[in-house]
Amino acid sequence: MADTRLDRWEPLLERLMAAVPYLLLAISTALSWLTDDRPWTYHLVTLGLAALAAAWIRVMIPRHPAVYVAGLVILIAVLCTRGIWFAGFFSFTGYLHSWQLLNGKWRFAGVAATAAISITTYNGGLPEPTPAGILTHVLFTAAIVAVVSLFSFFGEVTAERSTERKKMVARLEEAMRENAGLHAQLLVQAREAGVLDERQRMAGEIHDTLAQGLTGIITQLQAAVRAEADPSAWRRHIDNAVQLARESLAEARRSVHAVGPGPLEAAPLPDALAEIATGWSELNGVRVEVTTTGTVRALHPEVEASLLRIAQEALANIAKHAGASRVGVTLSYMEDVITLDVRDDGAGFDPARALDGGGFGLASMRKRVTRLAGRFEIESEPGAGTAISAAIPAILKEPSEERSKETFKETPSA
């Protein structure tokens, strides 16, 4: 509000300062006419000189400042001979314009010349040719020069600060415009990053739930086809396929709502990991040994969910590619790190070629670990089995952080 008021006042002040010389000239002329009893012809001459002074101010200011000030001082001297009122009022124009339009020592010269003319007019002429008279004349002139210079200097400082303020306001407005543009750009980038992150999350969750579940269902159905001659084996494979479909559907729903894996809802991480390993072992006929070391403690849900998904993906890869007869899963709670190691005695592979080939499972596991500032390693070679290791900072679960209690109803099978 204050800045707006000042912005309105500054142009008005500039117009008033431009009108001041004419106003002082008109006042001096009017007072001279009213207080002097001389013939009207005398006043007409004075009026003509005043008109000449007004024209001089109007025409010469923007063209030649030095010539203008010199002519102005001469006109002030001439008008002061016509009446003392010109020394009392119009002479201020000489002070004002000398300081505004001249530079350096010429400022003081213009102000001193105007002051000397005013003092001479007030004294009724030149001082007496005595040391006291001359000294008094000089002291009065010097005092006027000092006072005018002091106030003019203060005005100049104020004007410079006003100019600096305008420049600062302009810079701030430009910075605000730039910040607004950057803010809009950051919002767009954040929105795009959020969309990309959500897509990557959904891709990983779909791979870890639907893709693995469908793979298991296909495996069980193929086994059921091969076991048509054995009704009990056929029934077992069909039941396994139905159970996998139900579990995959529930996990898919949880993934859509960004809720942690189902096994972690009812059990701590070691138990949930053992439950998954047991179920995988029953489906694939491969013995799994699960070991937990260290002091078990509740960790951040994201840490536990990532380790569980990595274990699921590792077991799914073993079932699809390794042809292993034995699998070992080790969960190690350390002071500031928790590690998950999954080993098998299967066919093995070349990790470099597998990662370069764009395998989504390995890439998904690595992304889950690196997103939590962890370390992911693969050790494998053809014919020598595979070992994967994921190490993640052991971020403790906050006391106020509760697991989601939301439940998902399964839709009935068709």
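Points to keep in mind about this one:
- With protein chains left intact and a 1.4 Å probe, residues in the stretch 1-151 average 59 Å² of accessible area per residue.
- Taking the centroid of alpha carbons for each part, the stretch 136-187 and the stretch 311-344 are 72 Å apart.
- Protein heavy-atom surface of the stretch 24-80, 1.4 angstrom probe: 74% of the accessible area is carbon and sulfur, with nucleic acids and ligands not counted.
- For the pair M17 and A373 in one chain, pulling the backbone fully straight at 0.36 nm per residue adds 121.3 nm over the alpha carbon distance.
- On a per residue basis, the convex hull of the C-alpha atoms belonging to the stretch 43-121 measures out at 68 Å³.
- The residues packed around R236, meaning those with a beta-carbon under 11 Å from its beta-carbon, carry a net charge of -2 if Lys and Arg are +1 and Asp and Glu are -1.
- Restricting the stretch 27-83 to trypsin sites (Lys or Arg not before Pro) that sit in a DSSP loop and have at most 15 other Cβ atoms within 10 Å of their own Cβ leaves R63.
- With a simple spin-label model that places each label point 7 Å from the Cα along the Cα-to-Cβ direction, the separation between E174 and A26 comes to 4.2 nm.
- Förster-model FRET efficiency, 35 Å R0, A229 and E289, C-beta, rounded to 0.05: 0.55
The values are calculated or read from the model by the stated rules, or taken from the named source; none is laboratory data. Owing to the predicted nature of the structure, the values given are computational and were not obtained by experimental measurement. FYI the Cβ positions are ideal-geometry reconstructions off the backbone, even for glycines, and counts take in every protein chain you see. Ligands, DNA and RNA are stripped out before the accessible areas are found, and what is left, the full protein with its side chains, is counted by its heavy atoms. Shrake-Rupley method; radii C 1.70, N 1.55, O 1.52, S 1.80 Å.
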